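Report on the structure given below.
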């Protein structure tokens, strides 16, 4: 397949008309936890909060019943919001709605059926083993490192091996830094404000951001050009190539294929990586949980490598991943744009309103979660009976929920089990760690760790 890339002008997330720029004002209350501002607003003003930020009306929702209204009941009246993210995702499935979204998603859906996970697991394990070899060297030197970068590169390797039948044809550490350069909303905002005041733009310039996106745009074509490892036929990449060659789906052309890979290499990698990094932080602060994960792994798969059947038996490890996504949801808020007049919780919604479903707030609300600030994986051990529907949204909800959510949980459960059985990660950063509520719930300044290898 011949690929031609058109690199347009980079629109920064920190541009004044971007909702991400406007929401950065939340950090003024508590720079280390911008979510607290929204939580306090919800406590004071109720579950539907309409505010004008600059020239934009933004409506914050904090109740599960209102999440359901937007995501399910009237899903077609609320479209996705991706302004500022086009250079990252292009025109991939994640940015679309309606019939076009269905047409692009349908050919890819079989790759994420749970029946496929057994085929992917050996390739997940290959990537995890590679990471463990690197960690063994880091344990020898005793040097500290940033955990999100480590888990991002692991997640990218798992995606490439399992879904694309390729080794990573790029330096994942370098690409990670490029993407972060672009998606750091606060850095873009700081640049913009310095320039407006006639000051120097600082170390990171808009040219740097544009260059970062140019490098990012080169990654998917490199994946296509890379020789397959085993020439497997049942891979996501094969499915994408097949639909590109299908004349009955003209919308799915070569450029669309490139953009779909962007989606998986960023959205799929980012959310998986953040969850695993936060899980390693939580188990570092709760060593009894880490020990229980180790004992569970010893009981379930012993000295051999885990299989698809073992994943189902790793109940406590999976509960740790679920509890991590409750405390630190990778997507703290889902944003939609209203296309019609509506009423939610007695408040009028107008076309063009940005509607923010505050998932983090629901995840930390004592109405839905007893002792919500406590790390309690056991709350997931009895299933979801009694859980308020739509009070837990790590992967969105409704028909447009994340296509790879279930697969991400498999990746992280296996990775956490295997990594903790061989290593004891020790968090050595700021306590408590701060985080930035930009596009994702990202640790502010990263998560610094040292690791020790277990005998």
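Here is how the numbers come out for the structure above:
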| item | result |
| --- | --- |
| Qualifying residues in segment 419-434 (those that are within 17 Å of residue 146 (Cβ to Cβ) and in contact with a helix residue (DSSP H, G or I) (Cβ under 8 Å, 6 or more places away or on another chain)) - the one surrounded by the fewest Cβ atoms within 10 Å (Cβ to Cβ) | 426 |
| Yes/no for residue 278 being touching a residue at least 24 places away in the same chain (Cβ under 8 Å), assigned to a loop (DSSP other than H, G, I, E, B), under 30 Å from residue 88 (Cα atoms) and within 23 Å of the chain's Cα centre (by Cα) | no |
| Test: residue in segment 254-263 that is in contact with a strand residue (DSSP E or B) (Cβ under 9 Å, 6 or more places away or on another chain), within 19 Å of residue 85 (Cα to Cα), at pLDDT below 95 and assigned to a helix (DSSP H, G or I) | no |
| Qualifying positions in segment 282-312 - farther than 18 Å from residue 122 by Cβ and either surrounded by 14 or more Cβ atoms within 10 Å (Cβ to Cβ) or in contact (Cβ under 8 Å) with a residue 40 or more places away in the chain (or both) | 282, 283, 284, 285, 286, 289, 290, 292, 293, 294, 296, 298 |
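Residue by residue, here is whether (1) in a helix (DSSP H, G or I); (2) buried (at least 21 other Cβ atoms within 10 Å of the Cβ); (3) touching a residue at least 60 places away in the same chain (Cβ under 8 Å) holds:
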site: 355; (1), (2), (3): no, yes, yes
site: 365; (1), (2), (3): no, no, yes
site: 389; (1), (2), (3): no, no, yes
site: 406; (1), (2), (3): yes, no, yes
site: 409; (1), (2), (3): yes, no, yes
site: 417; (1), (2), (3): yes, yes, yes
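The values are calculated or read from the model by the stated rules, or taken from the named source; none is laboratory data. As the structure is a computational prediction, the values presented were derived from the model and not from experiment. When we count neighbours, we look across all protein chains shown, and the Cβ atoms used for this are built from the backbone with ideal geometry, even at glycine.
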